[in-house]
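Peer 1: Have a look at this one before I ask anything.
The values are calculated or read from the model by the stated rules, or taken from the named source; none is laboratory data. The structure displayed is predicted, hence computed values, not measured ones. Methodologically, a virtual Cβ is constructed for each residue, glycine included, from the backbone with ideal geometry; neighbour enumeration extends over all protein chains shown.
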Amino acid sequence: MAQQEDVFKKIVSHAKEYGFVFPSSEIYDGLAAVYDYGQMGVELKNNIKKYWWDSMVLLNENVVGIDSAIFMHPTIWKASGHVDAFNDPLIDNKDSKKRYRADVLIEDLMAKYDDKINKEVEKAAKKFGETFDADLFRQTNPRVLENKAKKEEILARFTAALNDNNLEELRQIIVDYEVVCPISGTKNWTDVRQFNLMFSTEMGSTADGAMKVFLRPETAQGIFVNFLNVQKTGRMKIPFGIAQIGKAFRNEIVARQFIFRMREFEQMEMQFFVRPGEELEWFEKWKQTRLKWHKALGFPQEKYRYHDHEKLAHYANAATDIEFQMPFGFKEVEGIHSRTDFDLSSHEQYSGKKLQYFDPELNKSYVPYVIETSIGVDRMFLSVLSASYCEETLENGETRVVLRIPAALAPVKVAVMPLTKKDGLPEKARQIIDDLKFDFKCSYDEKDSIGKRYRRQDAIGTPFCLTVDHQTLEDNTVTIRHRDTMTQERVSIDDLAKIIGEQVSMKTLFKKIAE
Ligand code: ATP
């Protein structure tokens, strides 16, 4: 675990050192849980967004996009339930004065029992070797069963407490299971209180009577309130989806773990409108499609898992998360929810406007049901960064840090390097860039030894380095060096666009999703 935390620290400092992510307002000592993306970060982020956007609107004829405003009529947040119920239960440790989410403390507590079980299994696997039957061991070993029973006992109390909104019981669980504050090490807890996560501000001057408005905590409501606009003007037929990428804001209580939990972040959400009764089929379909989108990137498949929700929000009839193995454990990156007709019906009620669809095949009108896929750009960014980060010892004993970012997402695709700064090599290198720059983000580098230049490109994840040498001037070839294998080959300059194009194209990824 300590080792993993170490890796995480290295990733955070690497992200800063190479222009991916900076703390916001750094010269003023930063602003908690707010971050800026630097020159490399913005490229990676834009590529992630493009990968998502195109996978929605290019691959699906019946999915279209919108871009709605961050400010919305305040009643929208009444209708969506955010004013009354977008709360986190918070608890303070009186000694360290640190604030925690009570639900997160309990979830961590349960995860400890899972860890204990997994350790028992690992230990036994080592001891018994090939004949070991892990399933049987899990079903019969007394220590495993004891830990499992403890976890289930907590889960039952936790679920009941959440369902009844019983804050005292949440505190009691923390007390009963002797959860200690990681900072002070004590069990000196305050009561649990609810805390609304929405930021608010005022619109219009006070003289006119300013209106309290919220910064949206999710982009989804902008889609719901535009449902009929898009359906009518786009002549959309159910089933169809509306996709949107945009900023969202949450006054998170516990804002740690870098860009995993931010107060200003970005979401990529898609609401898919379906006939009532067909929602679970579509839920299943989107659940599969979204996992394929993640897996197409080529990171180890075991880094992904579903986490089906045991406790459903009152409006949902199915929900799952796609979790990714971050350096600090498996964490939610994306949520897929079957939201029934809750949002549209509620907006009908609050606005007094009909939000229904006339289904020509059924010859009747109804409020559509909705499947939502909702993923955080920043969490996706963190998952790509942490899965890509790699420290390697080379044959000559040197080490290199390489970001094995999937080529389609890499911030810079090609670095062009003249072997020396003279003999017309820089000019030739510039010529190559001038040809390639219309299609690929290129970078020119002539400083330091070629080895050092390779290291710099490895550190930002550039998939290809081209070296221009004297032979280039004679036969119009360059060496192309591949980031991951470090192999080099000589190729004709005329073939570069094709070779690079094939590797960095998102098409290969899209084909895997469409399979
Ligand atoms: P969590 O339980 O981790 O707070 P959530 O279940 O509240 O997340 P959703 O409301 O389902 O999250 O939001 C959808 C997606 O938006 C999440 O899967 C995540 O990727 C992203 N997201 C939510 N909150 C944040 C945040 N504070 N910072 C960065 N990304 C976030």
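Peer 1: Which condition does Gln267 not pass, out of (1) within 14 Å of the chain's Cα centre (by Cα); (2) without any contact (Cβ under 8 Å) to a residue 60 or more places away in the chain, if it passes all the others?
Peer 2: Gln267 satisfies every listed condition except (2).
Peer 1: Report yes if some residue within the range 1-9 is surrounded by 13 or more Cβ atoms within 10 Å (Cβ to Cβ) and under 11 Å from Tyr389 (Cβ atoms); otherwise report no.
Peer 2: For the range 1-9, residues surrounded by 13 or more Cβ atoms within 10 Å (Cβ to Cβ) and under 11 Å from Tyr389 (Cβ atoms): present.
Peer 1: For the range 322-330, does any single residue satisfy the condition of being of a type in the set (S, T, N, Q), crowded, with 16+ Cβ neighbours inside 10 Å, in the same structural domain as Ser345 (by TED's automatic domain parsing) and under 14 Å from the mean Cα position of the chain (by Cα)? Reasoning before the result, please.
Peer 2: To start, the set of residues in the range 322-330 that are of a type in the set (S, T, N, Q) comprises 325.
Subsequent filtering for residues that are crowded, with 16+ Cβ neighbours inside 10 Å retains 325.
Adding the requirement that they be in the same structural domain as Ser345 (by TED's automatic domain parsing) leaves 325.
Going one step further and asking which of them are under 14 Å from the mean Cα position of the chain (by Cα), we end up with 325.
The answer is yes; a qualifying residue exists.
Peer 1: So, Ala111, is that one outside any helix (DSSP H, G or I), aliphatic (A, V, I, L, M) and either loosely packed, with under 14 Cβ neighbours inside 10 Å or at pLDDT 95 or above (or both) or not? Steps first, please.
Peer 2: Details: outside any helix (DSSP H, G or I): no; aliphatic (A, V, I, L, M): yes; either loosely packed, with under 14 Cβ neighbours inside 10 Å or at pLDDT 95 or above (or both): yes.
When the stated conditions are applied, Ala111 does not pass them.
Peer 1: I would also like to ask the following. Assess whether His307 counts as being outside the structural domain of Gln221 (by TED's automatic domain parsing), farther than 30 Å from Val504 by Cβ and either surrounded by fewer than 23 Cβ atoms within 10 Å (Cβ to Cβ) or within 16 Å of the ligand (Cβ to nearest atom) (or both).
Peer 2: Numbers: outside the structural domain of Gln221 (by TED's automatic domain parsing): yes; farther than 30 Å from Val504 by Cβ: yes; either surrounded by fewer than 23 Cβ atoms within 10 Å (Cβ to Cβ) or within 16 Å of the ligand (Cβ to nearest atom) (or both): yes.
Answer is yes for this residue.
Peer 1: Name every residue in the range 29-43 that is within 16 Å of the ligand (Cβ to nearest atom), surrounded by fewer than 21 Cβ atoms within 10 Å (Cβ to Cβ) and either within 21 Å of Leu403 (Cα to Cα) or among the small types (Gly, Ala, Ser) (or both), in order of residue number. Please lay out each step first, then the result.
Peer 2: Of all residues in the range 29-43, those within 16 Å of the ligand (Cβ to nearest atom) come to 31-37, 41.
Next, only the ones that are surrounded by fewer than 21 Cβ atoms within 10 Å (Cβ to Cβ) stay: 31-32, 34, 36.
Matches in the range 29-43: Ala32, Asp36.
Peer 1: If you don't mind, another one. Looking only at the range 11-28, how many residues end up being over 25 Å from Arg404 (Cβ atoms) and hydrophobic (A, V, I, L, M, F, W, C)? So that I can check it myself, show each step before the final result.
Peer 2: At the first step, the residues of the range 11-28 found to be over 25 Å from Arg404 (Cβ atoms) are 23-28.
If we keep only those that are hydrophobic (A, V, I, L, M, F, W, C) as well, we get 27.
Total meeting the criteria: 1.
Peer 1: Go through the range 326-338 and give me each residue that's within 11 Å of the ligand (Cβ to nearest atom) and closer than 11 Å to Leu280 by Cα. Full working, then the answer.
Peer 2: Start the filter on the range 326-338 by keeping residues that are within 11 Å of the ligand (Cβ to nearest atom), which leaves 331-337.
Within the range 326-338, His337 is the sole residue that qualifies.
Okay, residues lined up against (1) among the hydrophobic types (A, V, I, L, M, F, W, C); (2) in a helix (DSSP H, G or I); (3) within 12 Å of the ligand (Cβ to nearest atom):
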position	(1), (2), (3)
Val213	yes, no, no
Pro217	no, no, yes
Gly222	no, yes, no
Gln244	no, no, no
Ile259	yes, yes, yes
Gly277	no, no, no
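Peer 1: Now for a separate question. Mind telling me which of the residues Glu302, Glu323 ends up being away from the ligand (no atom under 13 Å from the Cβ) and acidic (Asp, Glu)? Reasoning before the result, please.
Peer 2: Details: Glu323 fails: away from the ligand (no atom under 13 Å from the Cβ).
Matching residue, one of Glu302, Glu323: Glu302.
Peer 1: What number of residues in the range 146-161 are over 10 Å from Met110 (Cβ atoms) and surrounded by 17 or more Cβ atoms within 10 Å (Cβ to Cβ)?
Peer 2: Of the residues in that region, 4 qualify.
Peer 1: In the range 18-28, which residues are surrounded by 11 or more Cβ atoms within 10 Å (Cβ to Cβ) and of a type outside the set (A, V, I, L, M, F, W, C)?
Peer 2: If we filter the range 18-28 for residues that are surrounded by 11 or more Cβ atoms within 10 Å (Cβ to Cβ), which is where we start, we get 18-26.
Residues satisfying the conditions are Tyr18, Gly19, Pro23, Ser24, Ser25, Glu26.
Peer 1: What's the total number of residues in the range 44-59 that are in contact with a Phe, Trp or Tyr (Cβ under 9 Å, 6 or more places away or on another chain) and surrounded by 16 or more Cβ atoms within 10 Å (Cβ to Cβ)?
Peer 2: The number of residues fulfilling the criteria is 6.
Peer 1: Here's another thing I want to ask about it. How many of the residues in the range 117-134 are of a type outside the set (A, V, I, L, M) and within 16 Å of Glu146 (Cα to Cα)? Walk me through how you get there before you give the answer.
Peer 2: The first filter runs over the range 117-134 and keeps only residues of a type outside the set (A, V, I, L, M), leaving 118-120, 122-123, 126-133.
Filter once more, keeping what is within 16 Å of Glu146 (Cα to Cα): 118-120.
Matching residues across the range 117-134 total 3.
Peer 1: State the number of residues belonging to the range 74-100 that are out of contact with any strand residue (DSSP E or B) (no Cβ under 8 Å at 6 or more places or on another chain), surrounded by fewer than 18 Cβ atoms within 10 Å (Cβ to Cβ) and within 20 Å of Met198 (Cα to Cα). Spell out the reasoning first.
Peer 2: We begin by selecting, within the range 74-100, every residue out of contact with any strand residue (DSSP E or B) (no Cβ under 8 Å at 6 or more places or on another chain); these are 75-76, 78-81, 84-85, 95-97.
Narrowing the set further to residues that are surrounded by fewer than 18 Cβ atoms within 10 Å (Cβ to Cβ) leaves 75, 78, 81, 84-85, 95-97.
Within this subset, residues satisfying the condition of being within 20 Å of Met198 (Cα to Cα) are 75, 78, 81, 84-85.
Of the residues in the range 74-100, 5 are out of contact with any strand residue (DSSP E or B) (no Cβ under 8 Å at 6 or more places or on another chain), surrounded by fewer than 18 Cβ atoms within 10 Å (Cβ to Cβ) and within 20 Å of Met198 (Cα to Cα).
Peer 1: Out of curiosity, is Gly65 surrounded by 15 or more Cβ atoms within 10 Å (Cβ to Cβ), assigned by TED's automatic domain parsing to the domain that holds Thr373 and modelled with pLDDT under 95?
Peer 2: Values: surrounded by 15 or more Cβ atoms within 10 Å (Cβ to Cβ): yes; assigned by TED's automatic domain parsing to the domain that holds Thr373: yes; modelled with pLDDT under 95: no.
Spelling it out, it is not the case that Gly65 is surrounded by 15 or more Cβ atoms within 10 Å (Cβ to Cβ), assigned by TED's automatic domain parsing to the domain that holds Thr373 and modelled with pLDDT under 95.
Peer 1: Given the structure, is Phe265 buried (at least 22 other Cβ atoms within 10 Å of the Cβ) and either among the aromatic types (Phe, Trp, Tyr) or more than 9 Å from the ligand (Cβ to nearest atom) (or both)? Spell out how you get there, then give the answer.
Peer 2: Numbers: buried (at least 22 other Cβ atoms within 10 Å of the Cβ): no; either among the aromatic types (Phe, Trp, Tyr) or more than 9 Å from the ligand (Cβ to nearest atom) (or both): yes.
Taking the combined requirement at face value, the residue does not satisfy it.
Peer 1: Where in the range 359-453 are there strands (runs of 3 or more DSSP E), lying wholly inside it, with at least 2 residues that are more than 16 Å from the ligand (Cβ to nearest atom) and touching a residue at least 12 places away in the same chain (Cβ under 8 Å)?
Peer 2: On the way: elements: 364-366, 369-376, 389-393, 399-403, 414-418, 442-444.
In the range 359-453, 389-393, 399-403, 414-418, 442-444 are the strands (runs of 3 or more DSSP E) which contain 2 or more residues that are more than 16 Å from the ligand (Cβ to nearest atom) and touching a residue at least 12 places away in the same chain (Cβ under 8 Å).
Peer 1: Here's something else I'd like to know. Tell me whether the range 224-240 contains one or more residues that are in the same structural domain as Glu332 (by TED's automatic domain parsing), part of a strand (DSSP E or B) and touching a Phe, Trp or Tyr at 6+ places or on another chain (Cβ under 9 Å).
Peer 2: Within the range 224-240 (the criterion being in the same structural domain as Glu332 (by TED's automatic domain parsing), part of a strand (DSSP E or B) and touching a Phe, Trp or Tyr at 6+ places or on another chain (Cβ under 9 Å)), the answer is yes, since at least one residue qualifies.
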